[in-house]
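Everything below concerns the one structure shown next.
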Amino acid sequence: LPFPLNTSSIGDGGDAAERQWKTSPRKELTAQQKEGMRMVKKVMLSLDEVGGLDEVFTFRESVERLSIFKKIERKPMTWPCQLTIGSGITINIVGYKAMTEEKVKKSWMSVDAKTLRKEDVRRETVYCLNDDNETEVSKEDTIQGFRYGSDIIPFSQVDQEQMKYKTDGKCFSVLGFTKSAQVLQHYYVGRQVLQVFAAKDDEHAAVALSALIHALQELDMMAIVRYIYDRRSNPQVGVAFPMIKDKYECLVYIQLPFMEDLRQFTFTSLKNSKRGTASEEQLSAVDALIDSMSLVVDDGEEIEDLFKVSKIPNPHFQRLFQCLHFKAFQPDKPLPPIDPHLKTMLDRPQELNASYILSMEQLKKLFTLQDSGKKKEQKIAQQIFKDNDTEEVASKRGRTDDFNIVTLAEGNVTAVGSLTPAKDFQTLVRQKNSNFREVTNQLMERVYQFLEVKNREYYMKSMDCIKICREEAGKAGESKFFNMLLKTLKANVEAKGLQDFWELIVQDSITLITKDEAADSAVNNDEAKQFLAAEEKPMETSAVPEDDGDVDDLLDMM
Amino acid sequence: MADWHAHFQNEDEEDPEEAEDNEEDIRYAGRDSLIFLIDASEAMFEMNNEDTSAFDMTIQCVHRVYTSKIISSERDLLAVVFFGTQKHKNSVDFKHVYVLHDLDTPGAKRVLELDQFEGEKGKRSFKDQIGHSTDGSLADALWVCSNLFSDVRLKLSHKRIMLFTNNDNPHAKDSSKARMARTKASDLRETGIILDLMHLRKPGGFDTSLFYRDIVSVTEDEDGAAQGRESAKLDDLLRKVWARDYKKKATTRLNLKLGEGVELSVGVYNLIRSARKPTAIRLYRETNEPVKTKTRWFNGETGSLLLPSDTKKAQVYGRRQIVLEKEEIEELMRFDAPGLVLIGFKPLSLLKKHHYIRTSQFIYPEETMITGSSTLFSALLTKCLEKEVFAVARYIPRRNTPPRFVALVPQGEQLDDEQVQTIPPGFHLMFLPYADDKRKVDFTEKTVANEDQTEKMKQVVQKLRFKYRPESFENPVIQKHFRNLEALALDLKEPEEMEDLTRSAAGGAEKKPKLMESMGTDEIRQHVQGGTLGKLTVPVLKEVCKQYGLKGGGKKQELIDAITGHFTEH
């Protein structure tokens, strides 16, 4: 039998169940099997007084019981050490690993696809220089180094060994005591929980440790401990807190982080943000949901937990063994589906079902949750997994690119920015439901902002804006609006000292939009020319801003 | 070749899950970059009542950031730019802007270069080498910074400028310069460069509304409140810099499904991640250049190279070899799509302290995937806190990963006196053990101490009482390693002494006062004469210096020199 099975139920049921499981688990019992069951039942129940069996399972029931593979058991490993407090107190202790994330013992090895022999697969590691030919060098010609920021520092193994941090071996010494509230549960790091007991058959140790455990319990305090497993391992700082049970009492040790491990992230407060605050109604809906989804039954005296995770077998192992078991006998068939029994264990307990659905509906009504369709993960996954098929990727990429451009151009621009105002403007104007005047006002706002700086670069930017605006206004049948804006600009030239900018407008002959250009304009060609010409005279008289312009030019050239 | 590595990655001895947990999607993120833009006008060099200048504090702060970046994130790019200087050095020849370091990863040489501007000596050398001026323009400085960003060839994911100054109205008399600075600042914003103000204490108080309010970025992601008060002490400043610099990168983003049709999206963050000693790299003996490592798979018999498709995976049970396709291995790990599925709620009292298997994570709402997530999240958080319950959820962090159960433990936001967030709002995601994770323990029979004995122990406990803070312990192994490297890199004779906090720290609270008391003049003199000052720890030496009003700097040798100097004179 390749797998250890849970044999907690009927003795010879194991083989029978095994047989049935292999064939078809949900078959109706045959007459013969029923007869057999009656026999077994009789035999088993007759043992009642002696063996204390009070239950007899049908094959189906035992199948379900037995389809849970036995949990991985490991022998407890003792870790004898001394607990020290300052230099005065030393207590002989023994530690055990009480909890750790259990991993599958065996790992997968690679075998040749044809011969299925692992001997045929060999691995070799070579070193090569970072040049064009990737010149190989032998391992003997390499030395060890470390990065120190951008520098690489050769640091031989021997030197490293000599200079490294050294410990004096095993250690469990108390650095101090702190209030329990200061050691938060989410600080815990490392991969294990140790339970620390007094050494066996050592009365002094037992009394001293017990005194410490009770002292900590009564003061609601914890010990901060320096822990070293052995000579070769790194020191840890951790917490030891008391645990008192009916049968035993001990200290529980869990590692705590070092300063280097902490990352101080700041998150926006949820209280004052506009999208974070929930209404009273919403809050009470959540309140109701929490009540209806309670996983405990409180009958006033005892609290019964309906969903004890620590009683659930690791589904990974269950599934792995199920598949291995299946494949051992049917190597060519595809993997079987996940055992429904296992699925049930991972789901919400049945006891809950009825009541919470209503509260969930209420929640659905009160909160607007909208999928924005930005499932980044999926897109990336697509690209990775289709990487082999270049053609498909190419076509896919093409599509996503298009998509991106569309969103970039239309989806993301919501206002005229200062970086590419002309482009933003154009995008916005072309959106179906845009308001031309509003967007144009935004654009002009930017233009006036730029003009305040009086810098050649910003003048050019402003020119582009005005040109685009003129073009779009003509198309949109908003010529009058544009003409009005241009007149306002002209009126402001004097007041804001923008003569040199106006000169640019004249140079590029950005006139009012005329009747010839757009039907909705009331301006004729002469009027348009007049509009620009009229300002030419005062321009000449103001020579001062031109010097200003020079300074700006210099700046520009830098 | 790259595909190959990716494929066989999991063959390594190390725990693949752990590795994945620590990886933060480096592939898609570019480098992070940070420019320290430091005001070098004379006001920055004036001594304040703490006996340092704002400039000195800034340089110390930058120094700390440099060395810690070397340890924790050596891929990040850092730069230092002074403005308001006499001399100038930058790619566009702007006056009064001096680029000390352009954007690059920090190294030993740069740390040394910074060192020369520290302290009293640094003030003088700055004056001689670079000098001060009042004619600088902030717009020019920002321009230079944006050039620094654009000169970098690498893809940058995070661009940030931290502006250190104690002048709240730099262009009070020149409105056009002020305007240009504002425009340039808004240009930076448009290109995704974040500009932070690290304002320093000045006499009369720093008034951000005079000028800087329009300059600095307030992204929707950050609190206006966090801009907060001016920093007077190095610790405050450092805390502010760290809080800003830590770019929150979600390890993953996924949906939290409460029930049929009710899903919200959250980002999952690692608030604690074990810093490890970096792994060694192989160098070519002749040139000290790094070599590449290539791993090849080949057929042992024919010697021909094997492609990933030429192999399958197998395990042996009993004497039978069971062979699976690689796809099948993925399939058997697949239970459901990645995400969190709510099971129900339990009172916080049922959360067991000793049920621990791995470091917890943290979740915070994410609006980009499902809009409206924040509201529901915040309602859940409020109610869980109020009703003192935690949620139990089934958690699948990545594709093809078996589920684990987690406790979602609510945490309310907390602010310190200066309205700076010390504890963020959200849920801690604590992993719950399965039946397999619990081990049998061969416990020792119970022997209970009597009351007397317990009382005595209580006295011991009270005596050694201190306040635990997770940041109080440095990892001695990592610190020692980097000090060794530093010594080699900077050609120091001996690595800088390190105080091993795991040996003394907590007791330190108890021991320190004792040590101070016992350090009488005679005793110090004895140490000086015997040349044994080196045996004392840095804090003790500092205390002695304070006692006699000596200035010794931060290094141990400097302290010793100062004390020796004092006692040989007197």
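The values are calculated or read from the model by the stated rules, or taken from the named source; none is laboratory data. Because the structure is a prediction, the values reported are computed rather than measured. Please note: Cβ atoms are built from the backbone with ideal geometry, for glycine as well, and neighbour counts cover all protein chains shown.
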Say whether the condition of being of a type in the set (Phe, Trp, Tyr), in a helix (DSSP H, G or I) and within 28 Å of the chain's Cα centre (by Cα) is met by at least one residue in region B:188-206.
no
When you scan region A:90-186 for strands (runs of 3 or more DSSP E) that lie fully inside it, which ones turn up with 3 or more residues that are at negative phi and more than 7 Å from every other protein chain (Cβ to nearest Cβ)?
A:171-179
So the helices (runs of 4 or more DSSP H) completely within region B:86-186 holding 1 or more residues that are touching a residue at least 24 places away in the same chain (Cβ under 8 Å) and more than 27 Å from B:Phe482 (Cα to Cα) are B:119-129, B:138-151
Taking the options A:Phe258, A:Phe326, name whichever one is within 30 Å of B:Gln361 (Cα to Cα) and touching a Pro at 6+ places or on another chain (Cβ under 9 Å).
A:Phe258
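Right, A:Phe267: in contact with a Phe, Trp or Tyr (Cβ under 8 Å, 6 or more places away or on another chain) and without any contact (Cβ under 8 Å) to a residue 12 or more places away in the chain or not?
Yes: the conditions hold for A:Phe267.
If you go through region A:74-86 one residue at a time, do you hit one that is modelled with pLDDT of 75 or more, crowded, with 18+ Cβ neighbours inside 10 Å and under 24 Å from B:Tyr356 (Cα atoms)? It would help to see each step written out before you state the result.
Looking only at region A:74-86, we keep the residues that are modelled with pLDDT of 75 or more, and these are A:75-86.
When the remaining residues are screened for being crowded, with 18+ Cβ neighbours inside 10 Å, the result is A:81, A:83, A:85.
Applying the additional criterion that residues be under 24 Å from B:Tyr356 (Cα atoms) yields A:81, A:83.
Among the residues of region A:74-86, at least one is modelled with pLDDT of 75 or more, crowded, with 18+ Cβ neighbours inside 10 Å and under 24 Å from B:Tyr356 (Cα atoms), which makes the answer yes.
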Looking at region A:300-328 only, could you name the residues that are at the interface with chain B (Cβ under 7 Å from one of its Cβ atoms) and part of a helix (DSSP H, G or I)?
A:Val309, A:Ser310, A:Lys311, A:Pro315, A:His316, A:Phe317, A:Arg319, A:Leu320, A:Cys323, A:Leu324, A:Lys327, A:Ala328
Residues that are touching a residue at least 12 places away in the same chain (Cβ under 8 Å) and under 30 Å from B:Leu485 (Cβ atoms): which strands (runs of 3 or more DSSP E) entirely in region B:254-320 hold 2 or more of them?
B:292-299
Every residue from region A:240-267 that is more than 8 Å from chain B (Cβ to nearest Cβ) and buried (at least 18 other Cβ atoms within 10 Å of the Cβ)
A:Ala240, A:Pro242, A:Leu251, A:Tyr253, A:Gln255
At the interface with another protein chain (Cβ under 7 Å from one of its Cβ atoms), in contact with a strand residue (DSSP E or B) (Cβ under 8 Å, 6 or more places away or on another chain) and touching a residue at least 24 places away in the same chain (Cβ under 8 Å), is that true of A:Val189?
yes
Kindly indicate the residue of region B:413-424 that is in contact with a Ser or Thr (Cβ under 6 Å, 6 or more places away or on another chain) and assigned to a strand (DSSP E or B) and also surrounded by the fewest Cβ atoms within 10 Å (Cβ to Cβ) among those meeting that condition.
B:Gln414
(1) in contact with a Cys (Cβ under 7 Å, 6 or more places away or on another chain); (2) outside any strand (DSSP E or B) all hold for B:Pro410 apart from (2)
What residue, of B:Thr183, B:Thr165, B:Thr134, is modelled with pLDDT under 85 and not small (Gly, Ala, Ser)?
B:Thr134
Residue set B:Glu286, B:Glu301; condition in contact with a helix residue (DSSP H, G or I) (Cβ under 7 Å, 6 or more places away or on another chain) and of a type outside the set (Gly, Ala, Ser); output residue B:Glu301
Can you go through A:Leu335, A:Leu289 and tell me which one is aliphatic (A, V, I, L, M) and either outside any loop (DSSP other than H, G, I, E, B) or under 22 Å from A:Glu361 (Cα atoms) (or both)?
A:Leu289
Residues located in region A:211-239, provided they are among the aliphatic types (A, V, I, L, M) and facing another protein chain (nearest Cβ under 7 Å):
A:Ala211, A:Leu212, A:Ala215, A:Leu216, A:Leu219, A:Met221, A:Ile224, A:Val237
Would it be correct to say that A:Lys164 is out of contact with any Pro (no Cβ under 9 Å at 6 or more places or on another chain) and among the basic types (Lys, Arg)?
yes
I'd like to know if region B:454-472 contains one or more residues that are more than 7 Å from every other protein chain (Cβ to nearest Cβ), in a loop (DSSP other than H, G, I, E, B) and out of contact with any strand residue (DSSP E or B) (no Cβ under 6 Å at 6 or more places or on another chain).
yes
Of B:Phe427, B:Phe405, the only residue that is crowded, with 19+ Cβ neighbours inside 10 Å, touching a residue at least 60 places away in the same chain (Cβ under 8 Å) and either at the interface with chain A (Cβ under 9 Å from one of its Cβ atoms) or assigned to a loop (DSSP other than H, G, I, E, B) (or both) is B:Phe405
Considering region A:440-454 alone, what residues qualify as being acidic (Asp, Glu) and either surrounded by 20 or more Cβ atoms within 10 Å (Cβ to Cβ) or over 42 Å from the mean Cα position of the chain (by Cα) (or both)?
A:Glu452
Quick one: in region B:361-402, which of the residues that are in contact with a strand residue (DSSP E or B) (Cβ under 7 Å, 6 or more places away or on another chain) and part of a helix (DSSP H, G or I) is farthest from the other protein chains (Cβ to nearest Cβ)?
B:Leu385
For A:Leu66, all conditions in the list (1) over 27 Å from B:Glu328 (Cα atoms); (2) at pLDDT below 85; (3) surrounded by 16 or more Cβ atoms within 10 Å (Cβ to Cβ) hold save one; what is the number of the exception?
(1)
If you scan region B:315-356, which residues turn out to be facing another protein chain (nearest Cβ under 7 Å), of a type in the set (Gly, Ala, Ser) and out of contact with any Pro (no Cβ under 7 Å at 6 or more places or on another chain)?
B:Gly344
Restricting the search to region A:278-299, which residues are more than 7 Å from chain B (Cβ to nearest Cβ) and either closer than 21 Å to B:Glu263 by Cα or in contact with a Cys (Cβ under 6 Å, 6 or more places away or on another chain) (or both)?
A:Ser279, A:Glu280, A:Glu281, A:Ser284, A:Ala285, A:Ala288, A:Leu289, A:Asp291, A:Ser292
Are there any pairs with C-beta distances below 6 angstrom linking a residue in region A:151-171 that is more than 23 Å from A:Ile228 (Cα to Cα) to a residue that is surrounded by 12 or more Cβ atoms within 10 Å (Cβ to Cβ) and aromatic (Phe, Trp, Tyr), with the two at least 6 apart or on different chains, and if so which?
A:Ile153/A:Phe146; A:Phe155/A:Phe146
